[in-house]
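Here's the structure, in structure tokens; my notes come after.
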Amino acid sequence: MTTRIPGMRIPLQVFLVAFAAIRSASALAVPELPPPVFADTEVSTNVAMKAWTERTRMFNVVLSFDATPSNNVQVAFGTDASADGNLSDEEAGLTLGWDCGEWFIASDAVTNRFTAAPAGTETRKELRLQMSLGADGLPRKLELADGTSPLAFTGLNLSPAPPAWMFSKDWNLLKVVARGIDEQNEQITVVLSNDAVMLLLR
């Protein structure tokens, strides 16, 4: 079948035009922690975060380390209200990590602490958080996994959407804290990215 236009004949067909917006992502790899110098073995570091923008649609965190019986690793996100370059406990909005043989997620409120048992017995552990965000910066969907195994944190309700405290567009600092007599060999990556958009025209 053809469409007639004066002076030319154009086949009538379905045209598919795809416009893929380039995904803009900012990956932040936390530098290696220094060795402990105090008896409690605690070490920490603070890292500035990339600012949220109206195009940001994904917040992903990967935390991996060696979970020996003595080791504890956590990463906290928040707003450095005091502007001193150190994220205090009071300034942290979301903290997640490993403590006493299990994964945990906590808000700034003491009562909001949720735990999940590890998926396996391997020493090398990996916690993956993948969160989609709305244009308003609020969480829309959250997937949590221990490696490739989905994790369910007791008491943490993710339906119909994750709690609002699990992300804030005002966060500008993250803090990693580790404790233990063994090497943690921690690796932490944080990614804020724009979701790819595809427009199909027929």
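A few notes on this one:
- Selection count where residues are over 12 Å from the mean Cα position of the chain (by Cα) and either under 23 Å from residue 41 (Cα atoms) or part of a strand (DSSP E or B) (or both), scope region 64-82: 12
- The one condition in (1) surrounded by fewer than 22 Cβ atoms within 10 Å (Cβ to Cβ); (2) in contact (Cβ under 8 Å) with a residue 12 or more places away in the chain; (3) out of contact with any helix residue (DSSP H, G or I) (no Cβ under 7 Å at 6 or more places or on another chain); (4) polar (S, T, N, Q) that residue 79 fails to fulfil: (3)
- One residue from 143, 186 being of a type in the set (Asp, Glu), closer than 28 Å to residue 65 by Cα, in contact with a strand residue (DSSP E or B) (Cβ under 6 Å, 6 or more places away or on another chain) and modelled with pLDDT under 90: 186
- Among the residues listed as 146, 136, the single one being of a type in the set (Asp, Glu) and surrounded by 16 or more Cβ atoms within 10 Å (Cβ to Cβ): 146
- Condition check for residue 95 on (1) among the hydroxyl-bearing types (Ser, Thr, Tyr); (2) outside any loop (DSSP other than H, G, I, E, B); (3) out of contact with any helix residue (DSSP H, G or I) (no Cβ under 9 Å at 6 or more places or on another chain): one failure, at (3).
- Hey, residue 85 on the phi > 0 side of the Ramachandran plot and part of a strand (DSSP E or B) or not: no
- Selection status of residue 180, at positive phi and buried (at least 16 other Cβ atoms within 10 Å of the Cβ): yes
Yes/no per residue for (1) closer than 18 Å to residue 112 by Cβ; (2) of a type in the set (Asp, Glu); (3) in contact (Cβ under 8 Å) with a residue 12 or more places away in the chain:
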residue: 127; (1), (2), (3): yes, no, yes
residue: 130; (1), (2), (3): no, no, yes
residue: 139; (1), (2), (3): yes, no, yes
residue: 149; (1), (2), (3): no, no, yes
residue: 154; (1), (2), (3): yes, no, yes
residue: 158; (1), (2), (3): yes, no, yes
residue: 162; (1), (2), (3): yes, no, yes
residue: 170; (1), (2), (3): no, yes, yes
residue: 173; (1), (2), (3): no, no, yes
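- Boolean, residue 61 is β-branched (Val, Ile, Thr), buried (at least 18 other Cβ atoms within 10 Å of the Cβ), under 25 Å from residue 115 (Cα atoms) and more than 13 Å from the chain's Cα centre (by Cα): no
- Region 94-111, subset within 23 Å of residue 134 (Cα to Cα) and at pLDDT below 95, residue surrounded by the most Cβ atoms within 10 Å (Cβ to Cβ): 107
- Verdict on residue 26 being part of a strand (DSSP E or B), of a type in the set (Gly, Ala, Ser) and modelled with pLDDT of 85 or more: no
- Of all residues in region 116-125, one or more are at pLDDT 90 or above, among the basic types (Lys, Arg) and crowded, with 19+ Cβ neighbours inside 10 Å.
The values are calculated or read from the model by the stated rules, or taken from the named source; none is laboratory data. If you're wondering where the values come from, they're calculated on a predicted model, not measured in any experiment. With ideal geometry, Cβ positions are generated from the backbone for all residues, glycine too; neighbour counts draw on all protein chains shown.
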